[in-house]
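Okay, so here's the structure we're looking at.
Values in this text are rule-based calculations from the coordinates and carry no lab data. What you see is a predicted model, and the numbers here were worked out from it, not measured in a lab. Quick reminder, even Gly has a Cβ in these numbers, built from the backbone with ideal geometry, and neighbours come from all protein chains shown.
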Amino acid sequence: LDEIGRGTSTFDGISIAWAITEYLHENPQINAKTLFATHYHELNEMTEIFPRIKNYKVEVREYDDKVIFLHKVTLGKADHSYGIQVAQMAGLPLFVTNRAKEILLNLEGKELTPYEIKKEKLRKIKKENDNQISLFEFKDDEIREQLNEIEVNNLTPLEALNKLHELKKQVKEK
């Protein structure tokens, strides 16, 4: 079965898919052998409730933000959806898929709508601008040089805190 719940809200679709699967499981006299393709990851939980339900997934590998389908089906649940990567493969512009990734990260982390995400982003930018000092206004050349040499993307959070503590200590000593 595919496209169960098509044209419905996410929760409607999950509910319909769950009810159909539950019905087929609880009525073995129907003798339905069913392959159920879905992107509703919530349905993976059904294997823990219904003994005759098994999850299978198509194996994939990720390489340089691309997904490679291995054409191999194995037992287990899919832990990730590759909709955005598939959209890239289908030719959607990079600016669209990059924005989609940004929205997805926010939705997964906070369950915000794109409008709320934009509002929150603007609020953060405003807050950062209110509190941020300019490196160019900073008079201590030695500390400024140390700050410029920090590769923030290569630091762990603990290393960043330790470096900040060290720089703060140097400022207090001067």
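Arranged by the count of other C-beta atoms within 10 angstrom, fewest first, what order do E59, E142 take? Display every interim value, and only then the final one.
Numbers: E59 13, E142 9.
Sorted ascending by nearby Cβ count, the order is E142, E59.
Return the distance in nm (one decimal) between the two label points of a simple spin-label model at I30 and F11, each offset 7 Å from Cα along Cα→Cβ.
Label at I30, label at F11, 2.5 nm between them.
Residue separation times 0.36 nm, minus the C-alpha to C-alpha distance between Y63 and N148: what's the value? Write down the numbers at each step before the final one.
Values: separation 85, 0.36 × 85 = 30.60 nm, distance 3.14 nm.
Full extension of this stretch gives 27.5 nm more.
Sort S81, S9, S15 so the one with the fewest other Cβ atoms within 10 Å of its own Cβ comes first.
Numbers: S81 12, S9 9, S15 15.
Sorted ascending by nearby Cβ count, the order is S9, S81, S15.
Using only alpha-carbon positions, what ratio does the radius of gyration of the range 27-66 give when scaled by 2.2 N^0.38 Å? Don't jump to the answer; show the numbers that get you there.
Numbers: Rg = 14.1 Å, N = 40, 2.2 N^0.38 = 8.9 Å.
Here the Cα radius of gyration is 1.58 times the empirical estimate.
Going by C-beta contacts inside 10 Å, put T47, T74, T21 in order with the fewest on the left. Could you put the intermediate results ahead of the total?
Working: T47 15, T74 10, T21 19.
Ranking T47, T74, T21 by Cβ neighbours within 10 Å, fewest first, gives T74, T47, T21.
Taking a 25 Å limit on the Cα-Cα distance, which of the listed pairs K33/K72; K66/K163; K101/K168; K101/K163 fall beyond it? Don't skip to the end; give the middle numbers.
Values: K33/K72 20 Å; K66/K163 35 Å; K101/K168 36 Å; K101/K163 31 Å.
Distance filter (> 25 Å) returns K66/K163; K101/K168; K101/K163.
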